[in-house]
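Below is one structure, written out as structure tokens; the observations come after it.
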Amino acid sequence: MGLWQRRIFPVLLDRVMQNRRLAELRRRIAGEARGCVLEIGIGSGLNLPFYGRSVEHLTGIDPSPELLARAAERARWVGFPVRLLTGSAEELPLADRSVDCVVSSWTLCSIPDVRRALAEIVRVLRPGGAFLFVEHGLAPDPRVACAQRWLTPFWRRIAGGCHLDRPVPELLAESGLQLQEVESGYLLPGPRLFTYHWTGRAVPAREAGSGRAGGGNARGVHPDAASDSRSHADGLRARR
Ligand SMILES: C[S@@+](CC[C@H](N)C(=O)[O-])C[C@H]1O[C@@H](n2cnc3c(N)ncnc32)[C@H](O)[C@@H]1O
């Protein structure tokens, strides 16, 4: 692994991901987490300050020891035990049905075999557990999507494996995760190539008939409504 990947990229990533506009999205998903939590692609631990008192303990997994060293610093300031593991979400070292919540923020884009990682998430979630996520990916606008597909082979080489063109809802559905609450749209300012997001919660389809899983709620920003970079999450509401 080169100097860029090992030394420079982790520092840049930590800086970029501290953007205050990301904080509100972090707060939303981390604030919902409870019990025994697994965060995949925990990176430098930027979600840690947003977890609430309902978290009993947290396991964070990431392949980057450089980012995990930064996460370890941040873990010193939270009020619950944190275990940090070097590894991949494609092969979680956790027992079946052992986790209440899996959290993922801007991580599914970077995992080489994302389908395998999603299957692992489904495997480790307990009955009644939830996958809480904020992810960017393939925009619904054909021209943006075309540019995302074109740019991804180059972009992922310099951006830690990040794919701009992953169809997140389809990937979740294929893996047996049912969206329970989702908000989608150009949720952040900036070029549309990078800013189409989904945030919400999904549950294993095997659970989808019970408890909170019974009623889905999807909120989206209609692509046409987001005609400039300031269009955010207060768009259309729809019942699923
Ligand atoms: C854009 S960063 C997001 C970091 C962090 N989740 C955040 O919100 O700041 C993508 C993260 O995915 C991690 N990642 C890449 N491949 C992975 C894999 N196979 N399993 C788990 N995490 C992975 C990277 O090391 C990096 O920390």
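The values are calculated or read from the model by the stated rules, or taken from the named source; none is laboratory data. Since the structure is predicted, the reported quantities are computational estimates derived from the model, not experimental observations. Positions of Cβ are backbone-derived with ideal geometry, glycine not excepted, and every protein chain shown enters the neighbour counts.
At a glance:
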| quantity | calculated |
| --- | --- |
| Any chance ARG6 is away from the ligand (no atom under 11 Å from the Cβ), on the phi < 0 side of the Ramachandran plot, part of a strand (DSSP E or B) and surrounded by fewer than 21 Cβ atoms within 10 Å (Cβ to Cβ) | no |
| Residue check, LEU58 surrounded by 15 or more Cβ atoms within 10 Å (Cβ to Cβ), within 24 Å of ILE121 (Cβ to Cβ) and either within 12 Å of the ligand (Cβ to nearest atom) or modelled with pLDDT under 95 (or both) | no |
| Residues located in segment 89-104, provided they are within 12 Å of the ligand (Cβ to nearest atom) and of a type in the set (D, E, K, R) | GLU90, GLU91 |
| Any hit, segment 18-27, residues being farther than 21 Å from HIS197 by Cβ, away from the ligand (no atom under 12 Å from the Cβ) and either hydroxyl-bearing (Ser, Thr, Tyr) or at pLDDT below 95 (or both) | no |
| Filtered residues of segment 76-88 (kept if within 14 Å of the ligand (Cβ to nearest atom) and outside any strand (DSSP E or B)) | GLY87, SER88 |
| Residue match in segment 135-149 (condition: among the polar types (S, T, N, Q) and farther than 25 Å from LEU187 by Cα) | no |
| Per-region count, segment 20-58, residues within 16 Å of the chain's Cα centre (by Cα) and either touching a residue at least 40 places away in the same chain (Cβ under 8 Å) or assigned to a loop (DSSP other than H, G, I, E, B) (or both) | 21 |
| Every pair of residues 6+ apart whose Cβ atoms lie under 6 Å, when the first sits in segment 70-97 and is within 25 Å of ARG115 (Cα to Cα) while the second is among the basic types (Lys, Arg) and more than 11 Å from the ligand (Cβ to nearest atom) | ASP96/ARG123; ARG97/ARG126 |
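For every residue, the table says whether it meets (1) under 27 Å from GLN5 (Cα atoms); (2) in a helix (DSSP H, G or I).
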| site | (1), (2) |
| --- | --- |
| GLU120 | yes, yes |
| ALA147 | yes, yes |
| ARG157 | yes, yes |
| CYS162 | yes, no |
| GLU170 | no, yes |
| GLN178 | no, no |
| GLY190 | yes, no |
| HIS197 | yes, no |
